[in-house]
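These notes concern the structure reproduced below.
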Amino acid sequence: MSYIPKHSSSKHNTQYREFSPFKLKGRYILLAVIIAVIVIGAFQLTRSYPPALGSLTPAAQRLKLPGPTITVPTPTSGEFIVGVGGVGIVAKTPNQTQSQIASMTKMMTALVVLRDHPLTTGASGPSITITPADVATYNADLALTQSVVPVTAGEQLTERQALEAMLIPSGNNIASLLAAWDGGSQAAFVAKMNSTAKQLGMTHTTYADAAGASAATISTPSDQLKLLEVDMAIPTFAHIVAIPQIVLPVAGLVYNVNADLGTDGIVGAKTGFTGHAGGCFAFVAQHNIAGSTLLIEGVVMGMGGVSPLTTSLNEAVTLINSVTTYLNQFHIIYKGETLGMINTSWGGVVPLVAASPASFFGWGGLRLHAVLIMVHNMKLPITAGEDVGLVKLTVGSHTHAVPLLAAKPINSPSVFWKLLRL
């Protein structure tokens, strides 16, 4: 009887198919998916997320002082400019033209001298000896009916006395004296004047002499206001132009040409008049509000009338009084007021509120410039009431920084948000 081998059973064949390459490949794919999920999840959890972004509210971006818009009467002749020191220009003649400025020229003469030979408060400075040439200048100017201060050869004037003689009774001959003393010659000193004007941005000004008698010495009210602000920042200049009268060695008692000094808050500065220039006046007046002193500054030029110099003084008073009518302290920001917001991609919007109030001096309609400054690298979470930045509000050169607080907590993004973000 022969041996016949048995064939494999169907059960054995089934087990063989379960361990086929196709089944094994599926397991690898599943493992790869799991690994990918883990890697992507880890990446999502550890990668940086968008920072919390701050912004000002539309209202904070359009802040302005409340109240009626300021209006000032326009002088009947000539040109003008008026403003408040550190706040801004209130009004001015548009499209100003260059014209003669007469003795307002001496404001630049004083600036150059005081920069080259500074005088501290109360100091007299070096002595200047009057020469025969200075006497000849006095006589020549007197013959031309210019504003002069009597001098004699050998007379001694200190630097301060010379500045007083130039700025108070407005001696043209003293302006020439100081120019020669400081610059060595009139031409050299005038070059200094024009160089200084250029440095100050007085682009519509040309100086041809130190006294203002020359028709070629021209400027505009806007340029002269720039000079006035620089001069008044020098204590010696501000002190001298506020003196009503002085006694000089030879001239004796002389008075300030600025007849408005001491009235309507006026504390200086310089008048000017010639037949061609008309009446000119660069003026400064003090106005006190809420314990603070503000300076109303302005320039009028080319004033006419029966007495042009008197007209310029009167027009200055009118401008000063019209500005003081509107000038006030305004409470523009209140504690707890919403000025901005923080936006996060995961937590919505959180209001930013003012931690303190803010007040500004000015007039109705004056715009404020607002800038938001957030805390650098702000760390989360942030609690309600935490300081997160500030808003810097500016009017002219006056700036007030208002701290900003988070009105609500700002939490870190959740794990769920980190995993699902795009």
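Nothing in this text is a laboratory measurement; each read-out follows from the coordinates by a stated rule. Just so you know, these numbers come straight off a predicted model, no measurement behind them. Backbone-built Cβ (ideal geometry, glycine too); neighbour counts: all protein chains shown.
About its Cα centre, the dipole of the chain is roughly 4140 debye, where the only charges are +1 on Lys and Arg Cβ and -1 on Asp and Glu Cβ. As a rough footprinting exposure proxy, the listed residues 30, 119 were ranked by other beta carbons within 10 Å of their own, and the order from fewest upward is 30, 119. For the pair residue 30 and residue 343, label points projected 7 Å from Cα toward Cβ lie 4.6 nm apart. Placing a pseudo-label 7 Å from each Cα along the Cα-to-Cβ vector at residue 233 and residue 199 gives an inter-label distance of 1.2 nm. The angle separating the long axis of helix 132-143 from the principal Cα axis of greatest extent in the chain is about 80 degrees. Note on residue 38/residue 383: beta-carbon distance plugged into 1/(1 + (r/R0)^6) with R0 of 22 Å gives a FRET efficiency of 0.05. Helix content alone sets the calculated 222 nm mean residue ellipticity of the chain: runs of n ≥ 4 DSSP H residues at -39500 (n - 2.57) each, divided across all residues, give -10000 deg cm²/dmol. Which whole-number percent gives the relative contact order of the range 96-326, counting Cα pairs below 8 Å spaced six or more residues apart? So the answer I get is 22 percent. From least to most packed, judged by other beta carbons within 10 angstrom and beginning with the fewest, 326, 207 follow the order 326, 207.
Partner aspartates and glutamates whose Cα lies under 17 Å from the Cα of residue 106, excluding those fewer than 8 positions away in the same chain, are identified as 116, 141, 159, 164, 182, 209, 223, 229, 231.
Spatial offset of the range 51-110 relative to the range 243-264 amounts to 31 Å, using the alpha carbon center of each. Size descriptors for the range 96-326, from the alpha-carbon set: Rg then Dmax equal 16.7, 55 Å. List the pairs from 226/392; 64/270; 64/226; 64/198; 64/92 whose alpha-carbon separation is above 23 Å, in the order I gave them. As for pairs spanning more than 23 Å Cα to Cα, those are 226/392; 64/270; 64/226; 64/198.
As a calculated quantity, the FRET efficiency between residue 247 and residue 74 at R0 = 41 Å, using C-beta atoms, amounts to about 0.50.
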